[in-house]
Each structure stands twice: as C-alpha cells, then as structure tokens.
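Everything on this sheet refers to the single structure shown next.
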Amino acid sequence: MTDPYQQNNPGFGGPQYGPPGTGPDLNKPQDTAALPQFDAQQSDPYAQPQFGQPPADPYAQPQYGQPNPYGQQPGGYPPQYGPQGYNPNDPEAPYGRDQFGVPFSDKQKLVAGLLQIFLGAFGVGRFYTGYTGIAIAQIAVFWLTCGIGAIWTIIDGILMLTGKVPDSEGRPLRE
C-alpha cells in the first residue's frame, strides 16, 4: 500500500509502506542521481548565506540528526542535585529559594508541625524552629492551665504544617 500524498519516486524503488517484501530492494544498487545530495551549507547554523541565496531562518529549530548549536540537553532541564531542592552551587541557600527569592530554612514543615502537635506540652516544635522564648511560654501555659493550654500548641502545630510560621531567622520552612 503506497502513501497517496507522496509522489512515486523511481529512485527509491517503489512503495514506501506496506507488508514486508513490498518495499525497496536494498540489495541492488540505487540510482544515486535520484537521491538527495548533502549540502554542507545547510548543516552549519553559523554559515553566511551566499550571494543570490535567501538567508537561512535564524529561528528555525535543528532537524533530527543535526547538531544542536546551543549545546542543551534534550528537555532543557538542569541536572538535579541530591535531595529535592538542594543546590550546592548556592551557599547562601543550600535548600533552594521560594518564589520571592528568600532561602529556605534547614528545618522542615512536617517535622516542626508534628513535633508541635504531639509534644507541644514540652514546646518541642518551637525549640526545633529556634523560638526558645515561645517554647518556654507554651510549657508554662500548658502546665499552669492543667492542659487547657494544649489548644495553643495544636493550633501552632497546624500553622507550622501550613507554612505560616518561619524559623527563628525569618526563613520559610522547607517541604
């Protein structure tokens, strides 16, 4: 079965598609005059157009098999380093930056929130994030109110899980 949109090219020996055995016979010599010729001018993206030729499209993408003049990897993504977000090339923000450019903390939201919810009576979540004064106040409120102050620690833990509480240096907690 031949492609109705492709003209029959006698240099290629017949139909292009179909069941096995109907394609061109690759064992017999081809007529090289009918084959497209390679032009070195077309493969060099930096070559200057010759007089009388139209200039090459500067926005054209390299075709399959041609070298990529920009040296990018397929997909265009930078390589990943270690844990998610860890970037050793940025010493001021080794765990990455948020959408506003503020570096992430070395503390995690999940750890801080769960510590605050389950061990909030001892102020562990606030000690973890570096707020020693608030941690001592939570311990005092919890024990002086005979456990009613646990509401404060639970709400504080939920706020940590949602990312509303930064660490003691003002950096947002990382995922």
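The values are calculated or read from the model by the stated rules, or taken from the named source; none is laboratory data. These numbers were taken from a predicted model, which means no experiment stands behind them. When we count neighbours, we look across all protein chains shown, and the Cβ atoms used for this are built from the backbone with ideal geometry, even at glycine. Side chains are part of the model used for accessible areas, which takes the heavy atoms of the whole protein and leaves out ligands, DNA and RNA. Shrake-Rupley method; radii C 1.70, N 1.55, O 1.52, S 1.80 Å.
Laid out as a table, the results:
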| item | result |
| --- | --- |
| Selection from the stretch 118-139 of residues that are closer than 16 Å to I158 by Cα, open to solvent by less than 50 Å² (accessible area, probe 1.4 Å) and out of contact with any Ser or Thr (no Cβ under 7 Å at 6 or more places or on another chain) | G123, V124, G125, R126, A135 |
| Any hit, the stretch 113-120, residues being part of a helix (DSSP H, G or I) and either in contact with a strand residue (DSSP E or B) (Cβ under 8 Å, 6 or more places away or on another chain) or at positive phi (or both) | no |
| Subset of the stretch 90-106 (residues that are open to solvent by 50 Å² or more (accessible area, probe 1.4 Å), assigned to a loop (DSSP other than H, G, I, E, B) and not β-branched (V, I, T)) | P91, E92, Y95, Q99, F100, F104, D106 |
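A quick yes/no check of all residues on (1) aromatic (F, W, Y); (2) under 21 Å from the mean Cα position of the chain (by Cα); (3) modelled with pLDDT of 85 or more:
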position: G71; (1), (2), (3): no, yes, no
position: G82; (1), (2), (3): no, yes, no
position: P88; (1), (2), (3): no, yes, no
position: Y95; (1), (2), (3): yes, yes, yes
position: Q116; (1), (2), (3): no, no, yes
position: F127; (1), (2), (3): yes, no, yes
position: I154; (1), (2), (3): no, no, yes
